Structure formats: C-alpha cells, structure tokens
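Engineer: My questions all concern the structure below.
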Amino acid sequence: MHTITLIKGDGIGPSIMDEAVKVINATGVKIEWEEAYAGLSAFEKFGTPLPDATMTSFDKTRVAFKGPLTTVVGTGFRSINVALRQQYDLYANVRPAKSWAGIKTRYDDVDIVIVRENTEGLYVGLEHYLSPKKDIAESLAVVTRSASERIVEYAFQYARDNNRQKVTVCHKANILKFSQGLFLDVAREVAARYPDINFDEKIIDAACMHMVMNPKQFDVVVTTNMFGDILSDLTAGLVGGLGLIPGANIGADAALFEAVHGSAPDIAGKNLANPTAVIMAGAMMLSHIGETEAAERVVKAVEKVVNEGIYVTPDLNPNTKAGTVEMGSAIAAAME
Ligand code: NAD
C-alpha cells in the first residue's frame with residue numbers, strides 16, 4: 001500500500017484530479033490518498049494558502065499528486081507552487097513533450113524533455129521596491145554552483161537512463177555574465193563527464209526560434225528556472241497544447257507530480273478541461289513509486305483514447321460530445 005498526498009487544487013483542479021484518481025485506482029495499485037489543501041481554495045477554507053496539515057502529510061508521504069493552484073497576479077500571497085518546490089528542495093522539474101499520432105500539429109515527430117532548475121534563478125522571490133513611490137522594482141536572480149551542477153547532472157543522467165542522445169543547455173550568458181555565465185560554465189564541466197551524450201548550447205532567444213522551426217534537433221533540454229517555465233509551454237504548443245503535458249518535481253527525498261498548465265479559470269466548472277496532463281503526471285508518479293507496469297498501462301490507455309479522438313475534450317476535437325468526465329472514464333475503461 002502506498003500513501004500519497006492528494007491536493008486537488010483550484011479552478012479545473014478538482015475535476016481533472018478526480019479523473020486522474022479514477023484512472024490510477026483502475027490500475028489496481030493500492031494507494032491510500034491523503035487529501036490535503038493548498039492554494040486559493042485552502043486560503044478560502046482555512047485562511048492560509050498552505051495549511052500546516054498539508055505540510056504534515058507531505059512530510060510523511062514524501063510523494064504528492066497535485067492539481068493546479070491559482071496564484072493571484074501582482075498582489076496577494078506568494079506562489080505556493082514555488083514555496084513547495086523550495087521547501088522540499090524539489091530541484092528537478094521534468095516536463096516531457098511528445099507528438100501524439102492522433103493530434104494534428106505542425107510537426108509529428110517532437111520528442112523533447114525539458115529539465116528545468118526548480119529552486120532558484122529569478123524565482124527565488126527576492127523582490128522589493130527601491131523607492132518609496134514604488135516606481136523602481138528590483139528582482140534578484142540567484143544561481144549557485146551546487147544547484148546548477150545537480151540539475152545538469154540530473155539532465156545527463158536522465159539522458160543516459162532513458163536512451164537519449166543529446167543534452168542542450170539553454171542560457172543567456174551573453175548578457176547575464178555572472179548568473180547565467182555560472183550556469184553555462186557548470187554545464188560545460190558536467191558535459192565533459194558524459195562523453196557518451198552529445199552536448200549542445202544555445203542562447204535562449206535563439207533556442208526558441210530553433211525549437212519552433214526545427215524541434216527535431218532538441219532531445220533533453222536543461223535550463224534555469226524561468227527559461228524552463230517558458231520553454232515548457234512552448235513545447236506544449238508544439239504537440240497540441242497545455243492540456244497534454246505532465247510535470248514531475250523531483251527532490252532527493254520527496255517528489256510532487258502535476259500538470260504543466262495552471263488552474264484555467266476560463267474553463268473551470270464546465271466539464272471542458274483536458275485531464276490528460278494530470279493523468280500522464282500520475283503515470284510518472286506510478287513509475288516513481290516503482291509501479292512501472294501500471295504506469296505503462298496508464299500511458300497506453302491515454303494514448304489509445306487521445307489518438308482515437310472520440311472521447312476527448314474540445315481542445316483536442318472541437319466536434320466532440322465528451323468532456324472531462326467522459327474522457328477520464330474512457331481512459332479508465334481502456335485499461336481493462
Ligand atoms: P493556464 O495554464 O491555467 O491556462 C492557459 C490556457 O490554457 C487557458 O486558455 C486554459 O483554458 C488552457 N488550459 C489550461 N489547462 C487546460 C486543460 N487541462 N485543458 C484544456 N485547456 C487548458 O494559465 P493561466 O491562465 O495563465 O493561469 C491561471 C492560474 O493558474 C494562475 O493563477 C497561475 O498562477 C496558475 N498556474 C498554476 C500552475 C501550477 O499550479 N503548477 C501552473 C501555471 C499557472
């Protein structure tokens with residue numbers, strides 16, 4: 001029996017997480033779900049976006065399955081996603097984007113894994129105003145040798161373990177000579193320790209252009225926090241949209257699995273949200289806890305339903321009659 005902390009989240013979160021739990025339970029793997037709360041819904045319920053009980057659960061289970069959380073733009077509390085990643089030192093954010101046979105996009109052979117540094121860079125939360133009138137703001141990017149080394153190591157080891165040929169580091173060391181320069185220097189040092197894996201380096205702006213024009217040249221991509229955040233939405237766009245891309249936040253002794261997308265308030269409560277990304281995140285989680293056979297069955301079932309294109313949400317097929325619930329049920333049924 002595995003015990004997993006379940007955070008359903010905000011907006012479309014509860015509806016897609018219900019489908020993901022339905023699919024994971026249908027594998028037959030014995031999981032005790034410990035429900036906990038975070039984000040806007042926790043704030044409304046308990047007066048805090050990250051209740052102690054949630055931390056207590058994650059402290060114990062060390063594995064969390066999380067729906068998207070709403071972070072109010074500009075004002076209000078800090079991002080709870082960022083807080084959780086920092087608190088549990090979930091340093092590697094792994095976001096695979098692969099073409100689907102049944103989804104028509106500009107390319108049919110995209111297979112890119114973004115490995116994003118998840119604990120520092122511009123997302124450390126060191127921001128303040130420099131003037132009483134609040135007309136000058138400063139945000140600090142923190143890049144350390146140790147965090148850079150472990151994320152680049154992670155990317156190369158991931159490439160080796162998953163039969164991948166190449167790691168590309170994306171950076172902006174031409175302008176940000178210190179912070180990005182350090183990251184690039186460390187990447188080159190680590191690359192030298194992996195002679196069996198090809199190494200490439202690209203300046204982030206050029207990388208975006210190359211990725212849109214010729215995504216095939218990318219395999220595993222390693223980059224700093226904010227660039228990874230942006231690039232993974234770009235790769236989502238290449239393979240059919242945000243509803244499809246899972247993310248694993250991996251630390252040395254804890255891991256959290258979620259979708260790349262957010263709480264999508266524009267479609268919340270309408271049975272329109274695509275549950276694929278969280279279900280695929282669930283498959284990554286099953287692999288992580290050693291249930292690889294169940295993980296493969298989930299992936300195959302998702303592929304079947306997505307590629308058939310019938311019981312899918314409208315982002316995948318505008319003529320569909322199905323929604324979130326019907327798609328989740330079809331995936332669960334496809335495993336039998
Ligand atoms: P979003 O990812 O929620 O939505 C962007 C667009 O993609 C919207 O049009 C939405 O309808 C669509 N979309 C997203 N997920 C979808 C799905 N599963 N199926 C179909 N369409 C989907 O991004 P946003 O609107 O910029 O952010 C909304 C909120 O989510 C913000 O508060 C943001 O901070 C938060 N957010 C949270 C996470 C997280 O919890 N990991 C990640 C990103 C954004």
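Engineer: Taking into account only those residues within segment 1-31 that are part of a helix (DSSP H, G or I) and away from the ligand (no atom under 16 Å from the Cβ), which is farthest from residue 64 (Cα to Cα)?
Structural biologist: The residue in question is 26.
Engineer: Which strands (runs of 3 or more DSSP E) does segment 98-148 wholly contain that include 2 or more residues that are crowded, with 19+ Cβ neighbours inside 10 Å and not assigned by TED's automatic domain parsing to the domain that holds residue 314?
Structural biologist: Working: elements: 111-117, 127-129, 137-139.
Fully inside segment 98-148 and qualifying: 111-117.
Engineer: Kindly provide the set of residues from segment 117-147 that are without any contact (Cβ under 8 Å) to a residue 60 or more places away in the chain and hydroxyl-bearing (Ser, Thr, Tyr), ordered by number.
Structural biologist: Correct list: 129, 131, 139, 144, 146.
Engineer: If you go through segment 280-319, how many residues are touching a Ser or Thr at 6+ places or on another chain (Cβ under 7 Å), within 16 Å of the ligand (Cβ to nearest atom) and of a type outside the set (A, V, I, L, M, F, W, C)?
Structural biologist: Matching residues across segment 280-319 total 2.
Engineer: Looking at 256, 272, which one is within 11 Å of the ligand (Cβ to nearest atom), more than 22 Å from residue 332 (Cβ to Cβ) and touching a residue at least 12 places away in the same chain (Cβ under 8 Å)?
Structural biologist: Unique residue meeting the criteria: 256.
Engineer: Hey, another quick one. Of all residues in segment 221-253, which are small (Gly, Ala, Ser) and within 14 Å of the ligand (Cβ to nearest atom)?
Structural biologist: 228, 232, 236, 237, 240, 241, 243, 247, 248
Engineer: Separate question: Going residue by residue through segment 235-244, is there one that turns out to be over 17 Å from the mean Cα position of the chain (by Cα) and surrounded by fewer than 21 Cβ atoms within 10 Å (Cβ to Cβ)?
Structural biologist: no
Engineer: Here is a follow-up. Could you count how many residues in segment 296-310 are free of Cβ contacts under 8 Å to residues at least 24 places away in the same chain and surrounded by 21 or more Cβ atoms within 10 Å (Cβ to Cβ)?
Structural biologist: Number satisfying all stated conditions: 0.
Engineer: Something else now. Looking at segment 32-62 only, could you name the residues that are aliphatic (A, V, I, L, M), surrounded by fewer than 21 Cβ atoms within 10 Å (Cβ to Cβ) and either within 13 Å of the ligand (Cβ to nearest atom) or under 16 Å from residue 17 (Cβ atoms) (or both)? First the steps, then the outcome.
Structural biologist: Let us first name the residues in segment 32-62 that are aliphatic (A, V, I, L, M), namely 36, 38, 40, 42, 50, 53, 55.
Filter again for surrounded by fewer than 21 Cβ atoms within 10 Å (Cβ to Cβ), leaving 53, 55.
Of everything in segment 32-62, nothing turns out to be aliphatic (A, V, I, L, M), surrounded by fewer than 21 Cβ atoms within 10 Å (Cβ to Cβ) and either within 13 Å of the ligand (Cβ to nearest atom) or under 16 Å from residue 17 (Cβ atoms) (or both).
Engineer: Which pairs have Cβ atoms under 7 Å, sit 6 or more apart or on different chains, and link a residue in segment 9-38 that is in contact (Cβ under 8 Å) with a residue 60 or more places away in the chain to one that is of a type in the set (D, E, K, R) and outside any helix (DSSP H, G or I)?
Structural biologist: 9/66; 17/8; 29/291
Engineer: For segment 161-196, name all the residues that are farther than 19 Å from residue 227 by Cα and loosely packed, with under 14 Cβ neighbours inside 10 Å.
Structural biologist: 161, 162, 163, 165, 189, 192, 193, 195, 196
Engineer: So residue 264 passes all but one of these: (1) more than 11 Å from the ligand (Cβ to nearest atom); (2) in a loop (DSSP other than H, G, I, E, B); (3) crowded, with 21+ Cβ neighbours inside 10 Å. Which condition number does it fail?
Structural biologist: Result: residue 264 fails condition (1) only.
The values are calculated or read from the model by the stated rules, or taken from the named source; none is laboratory data. Not measured: the values here are computed from a predicted model. Backbone-built Cβ (ideal geometry, glycine too); neighbour counts: all protein chains shown.
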